[in-house]
Structure formats: C-alpha cells, structure tokens
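Data first, discussion second: the structure below is written as structure tokens.
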Amino acid sequence: MIAAVVMIIFVRLETWPARTARQSSAELERLGKDLRAAFIDIAHLQPRITINNRVYMEQTTPASELVVLSRRIEVEHELLHTWVGSSKRVKLHGTFIAKAGFDLQQNLSIDIRPKEIIVQLPHAQILGVEQEQVDVLAFENGLWNRISGEDLQSELSILPQLAWKKPAETGLPAEAERTLQRQLDERLHTPQPLRLIFKDATANKGND
C-alpha cells in the first residue's frame with residue numbers, strides 16, 4: 001500500500017511541470033480570447049495576438065480609424081486692413097468638432113506573456129475636424145477699401161487650419177492614449193500588468 005502511494009506521488013511529481021505548463025498555456029489563451037473580444041468591442045477589429053512569441057491570432061483587415069475622443073473646438077480670426085486711410089475689418093468665429101484616436105492601418109499587436117501583456121499601436125493623432133458653425137463677428141467696409149469675396153474666402157479657409165492645430169497643442173492626442181488605456185483596464189481585469197506601447201508611424205514603417 002505504501003509503495004503504491006509513493007508511486008502515485010512520484011508520478012504526479014513527474015507530470016507536474018507538464019500539467020502546470022498546460023494550465024498556464026490555457027490561461028494565456030483565455031486572456032488572448034478576452035483581449036480579442038475587447039478590441040472587437042472597442043475598435044471593431046481583431047488584432048494580431050502572440051502568446052510567448054507564438055502567433056495565436058492574425059490581425060483581420062481593420063477599420064481605418066478608431067476615434068476615442070471628440071471635443072468641441074472654438075477658434076477666431078480677424079482681418080484688419082487699411083489702405084489710404086480707409087479700413088476694412090472681418091472677424092469670424094468658428095465652432096468645430098475635433099476627433100482624436102488611432103490610425104488602425106498602422107501595426108497593432110498584442111503580446112501575451114506570463115508576467116505582462118504588451119499592446120503595441122501607433123501614437124494617437126487628430127483624425128478629423130468637422131465644422132459645426134461659423135459666425136461673423138465683424139464685417140466692416142471702408143469707404144473705398146471694400147471687403148472682397150477673396151477676403152472672405154481667405155478668412156473662411158484659415159478657420160479649419162486653426163481648428164486642426166488647436167487640439168494638438170492642447171494635448172488631445174495624449175488624452176486619447178490615456179483614455180484607451182483606461183477603457184482597456186475597465187474592460188479587462190488581467191492578473192498581469194497591461195502595458196500600452198505607442199510607436200511613431202515612421203518607426204512602424206522602418207520595422208516592416
């Protein structure tokens with residue numbers, strides 16, 4: 001009887017590393033499925049997933065963009081021109097919606113390891129700016145220095161340029177990156193740390 005018990009214990013000890021490896025692999029594959037579901041839910045695509053440097057899932061053809069944040073942007077510009085003592089003035093106020101997020105045509109990959117999960121994707125950027133409204137705050141002609149159609153078209157074309165610059169200057173892309181990290185943390189509760197690594201598009205192209 002004692003010999004039989006010893007034999008059973010010996011067999012279990014001999015097979016313990018293999019059983020542990022199988023359990024660990026199964027757990028990592030479960031995490032892979034959870035991450036796949038999260039990205040399909042958030043980004044509407046399946047990313048490339050590797051488990052211990054082995055490809056588990058290939059990336060599907062993604063949607064072109066993932067918008068994470070939208071913000072209302074207000075900008076103003078003024079034209080003031082004086083000619084021979086006659087002044088004309090045009091001042092416009094524009095309201096735009098700026099969208100920040102990720103270009104999913106760049107590489108997106110997930111590497112699941114026993115001690116950490118690494119998600120690599122491009123840095124967030126301003127994906128689009130949509131005009132909501134333009135208000136004329138001032139439209140004043142001089143006696144012989146009149147506002148022309150070209151003046152008005154020039155001022156109207158400047159507003160979108162300012163609207164593209166403002167969200168980048170106020171840190172909207174960085175906020176989009178933090179928002180994605182928070183969304184994934186709230187959606188997933190992984191036992192190991194989930195780390196997002198953002199790469200420049202030029203770096204991604206260099207690695208292709």
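Nothing in this text is a laboratory measurement; each read-out follows from the coordinates by a stated rule. Computed from a prediction, not measured in an experiment: that's the story for all the values here. As a convention, Cβ positions derive from the backbone with ideal geometry for all residues, glycine included, and neighbour counts pool all protein chains shown.
Taken one residue at a time, the phi angles of the stretch 174-186 give Karplus couplings (6.51, -1.76, 1.60, θ = phi - 60°) of 5, 5, 5, 5, 5, 5, 5, 4, 5, 4, 5, 5, 6 Hz. Gly and Pro are set to x. Compute the signed sum of charges (Lys and Arg +1, Asp and Glu -1) over the other residues within less than 14 Å, Cβ to Cβ, of Q161. The answer is -1. Shape class for the stretch 124-193, computed from the alpha carbon gyration tensor (a ≥ b ≥ c): prolate, with a/c not under 1.5 and a/b above b/c. Computed about its Cα centre, the charge dipole of the stretch 127-169 is approximately 100 debye, with only Lys, Arg, Asp and Glu carrying charge at their Cβ.
Provide the net charge surrounding E78, with neighbours chosen by a C-beta distance below 15 Å and charges set as Lys +1, Arg +1, Asp -1, Glu -1.
Values: positive: K88, R89, K91; negative: E74, E76, D135, E140, D151, E155.
Combined, the nearby Lys, Arg, Asp and Glu give -3.
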